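Chemist: What follows is a single structure, and I will ask about it in a moment.
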Amino acid sequence: MSQREWIEKDFYKDLGVSSSASADEIKKAYRKLARDLHPDANPGDAAAEERFKAVSEANAVLSDAAKRKEYDETRRLFASGGVPGGGGFQPGSGGFSGGSTFDLGDLFGGGAAGDGGLGDLFGGMFNRGGGAGGATRSRPRRGADVETETTLDFRDAVLGVTVPLRMTSPAPCTTCHGSGAEPGTSPRVCPRCNGSGIISRNQGAFGFSEPCDDCRGSGSIIDNPCRDCHGSGVQNRTRTITVRVPAGVKDGSKIRLAGQGEAGLRGAPSGDLFVTVHVRSDKVFGREGDDLTLMLPVSYGELVLGGTVSVPTLEGRVGLKVPPGTADGRVMRVRGRGVAKRGGGSGDLLVTLKVAIPQNLDDKATEALRAYLQAEEASGFDPREGWAGAR
Ligand code: ZN
Ligand code: ZN
């Protein structure tokens, strides 16, 4: 069965159970319906046969925990606008908090399309959030997005880390699993709006669509509200969620965790969680894009004679070969010891060599240095040879 069909079919409605129904409730509802609607019990009744098929199909998906999960997720994705071609429904546009919504269909007697000019004229002005049709109008409101932040050590940001985030925010009620109805009971379809959540009102030539007063736009009525959440399906809860921060995250990046925001009312999809990541600076390492940088103190002799010096990286030390006669300030590249790149591979570690001048030489070293300078001069080395200011 295609995603498209899943989006269009409400298996919970087919079985007459709530979307939070337990496996047992589903089993019971199916057994009763299958018995009542069975073709043997209703010979020649085409409508009953059609219902029997729908009920069997619904049960095939909902009785299988894995399939049910996939079905729920597909529909949740659709509700948040995530399915291409799934209609113009966007997060947030399903809310009716802004008061009356102007309904073009009512204004033009339901036949706006054939009217040409006027439809075009008003089409752009009254954005109803897309023409996804009646099915999406009754969808309960999606939970709000939540923003939070976390601060990582430099090393963790480069290598990737898993951090626990403690947050207090509305979450689905654990007692009623977000349905808002006392366990064992189910919300019923609002009789006033037939579950659409919208009622139409005529005022003179104009028709208005408004959220239904009886069900406050949700399309369903709860006769026995859950005692813990008073029917909202939502409780304030402190949760700890574990966030996997990918390797190479930059200071100021935002990570989106789909469905980890505030719970929607009465089982509506949750919003998203956005985590802004701050990165502490490091005493040793700096960062330039995908490369790490490092200032390595060396002695004059190490640069003149060359050799191998030990360099720290984020994962252990490596030996860096310095060629004889290397200039002070030269940048050496240690390949692959930088930040992991998105498409695979890593940046480099850029090591700047910086001569450290000794401040307190002992007599022996001072004597040796004097002797060295004399030998250097005798060998013909003039540090200012070829320098523009030498004359
Ligand atoms: Zn509850
Ligand atoms: Zn209603």
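Rule-based calculations on the coordinates, nothing more; no lab input. Keep in mind that what you see is a predicted model, and the values were worked out from it rather than measured. Cβ: placed from backbone, ideal geometry, glycine included. Neighbour counts: every protein chain shown.
Chemist: Under the rule a/c < 1.5 gives rounded, and otherwise a/b versus b/c splits prolate from oblate, where does the stretch 214-367 land using the Cα gyration tensor?
Modeler: Verdict is prolate for the stretch 214-367.
Chemist: Right, next: What is the order of E210, E70, fewest Cβ neighbours within 10 Å to most?
Modeler: Least crowded to most crowded, the residues run E70, E210.
Chemist: Additional query: With 10 angstrom as the radius, rank M332, M295, M167 by how many other C-beta atoms surround their C-beta, starting from the fewest.
Modeler: M295, M167, M332
Chemist: Quick query: amide H of V234 versus all other amide H atoms, modeled in the peptide plane; which residues come in under 5 Å with a sequence gap of 5 or more or a different chain?
Modeler: Counting only residues 5 or more places away or on other chains, the set is C173, R266.
Chemist: Let me ask you something else. Please arrange K321, K13 by counting, for each residue, the other beta carbons lying within 10 Å of its beta carbon, fewest first.
Modeler: Final ranking by Cβ density, sparse to dense: K321, K13.
Chemist: Taking square-rooted eigenvalues a ≥ b ≥ c of the alpha carbon gyration tensor, is the stretch 142-277 rounded, prolate or oblate, where a/c under 1.5 means rounded and, failing that, a/b exceeding b/c means prolate?
Modeler: Since a/c reaches 1.5 but b/c is at least a/b, the shape of the stretch 142-277 is classed as oblate.
Chemist: Using only Cα positions of the stretch 298-381, each an equal point scatterer, no hydration layer, compute I(q)/I(0) via Debye at q = 0.12, 0.25 Å⁻¹ and quote the log10 values to two decimals.
Modeler: With no solvent term, the Cα-only Debye profile gives -0.51, -1.23.
Chemist: Give the long-range amide H neighbours of V245: residues separated by 5 or more places, or on another chain, with amide H under 5 Å away, using H modelled in the peptide plane at 1.01 Å from N.
Modeler: Counting only residues 5 or more places away or on other chains, the set is V161, T162, V163.
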